[in-house]
Amino acid sequence: MKRIAFSALASGALLLVSGCNGRPDGVLSHKKMVEVMTDMQIAEAYSRSQYAPQDMRENTEALGDGVLAAHSVTREELDSTLSWYGRNLDEYDKMCREVDVMLLKRQKELVKAAGASKPDVAMESDMWAYPRHFLLTERDLADQISFSIPVAEIAPGDRVEWMMRPQNGQSLSVMLGVEYDDRTAQYTFTTVQGRPNRNVPVLQTDTGRQAVRLFGIARPVGGRPVILRVDSVALRSLPYDSVEYARAGRRRFIKL
């Protein structure tokens, strides 16, 4: 899906258009773009799932073409619109936020249709309170995504996952850590790649300590990027699993 939905963002960010707020001819409306990008996200998620046929997993471009056809949008229109968003980042952030809202709405509708009484574990345990989409460029003062949040809902032995998806085939070096109530901390390092088989930073917390704070830093591999889009950021906890706990091996702690 990177080639379909996002290929123009990196190259098109440098395209000059007249006016910062007006939409020129050939640029999709805000409402249409939210609808298209929502379906693009769903299509890409399906292509990465175990339910998708193998040939569909290997040909996400076909899924993207199907989404565009369903909305009567050409690839040229999508490319032009993404280029325009590259010059109007406030509008881009607004669009991304509305895509998140639409995805959550769709998920709730599916849960309700299936007769479930509450959202699944991924929705219920998501602790991320920041934007889910980031745009890092060589002009930014910061070349990283970082967070530090107090937590109380994590039980001893829970696992923590910091999910994200870098675009354009780029990678992020990620550190994910936890501070405990005894003033000790532990952390893990992972390289996250913008591919379906990317690693997800997972931190196994200790069964004998209570977590009080989570923190993390994600930096582009290779230094400051010309332009790098990171989306689908989420932070969730998973309940204690004896098998996963054993696989994590011996945990090392540092004193704060």
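Filtered by the rule that a residue be part of a loop (DSSP other than H, G, I, E, B) and aliphatic (A, V, I, L, M), the range 126-137 gives Met127, Ala129. Can you name every residue in the range 227-240 that is surrounded by 14 or more Cβ atoms within 10 Å (Cβ to Cβ) and either at pLDDT below 80 or not basic (Lys, Arg) (or both)? Answer for the range 227-240, where residues must be surrounded by 14 or more Cβ atoms within 10 Å (Cβ to Cβ) and either at pLDDT below 80 or not basic (Lys, Arg) (or both): Ile227, Leu228, Val230, Asp231, Ser232, Val233, Ala234, Leu235, Ser237, Leu238, Tyr240. Only one of Gly66, Gly26 is at pLDDT 50 or above and at positive phi. Can you tell me which? Every option except Gly26 fails the conditions.
The values are calculated or read from the model by the stated rules, or taken from the named source; none is laboratory data. Because the structure is a prediction, the values reported are computed rather than measured. Quick reminder, even Gly has a Cβ in these numbers, built from the backbone with ideal geometry, and neighbours come from all protein chains shown.
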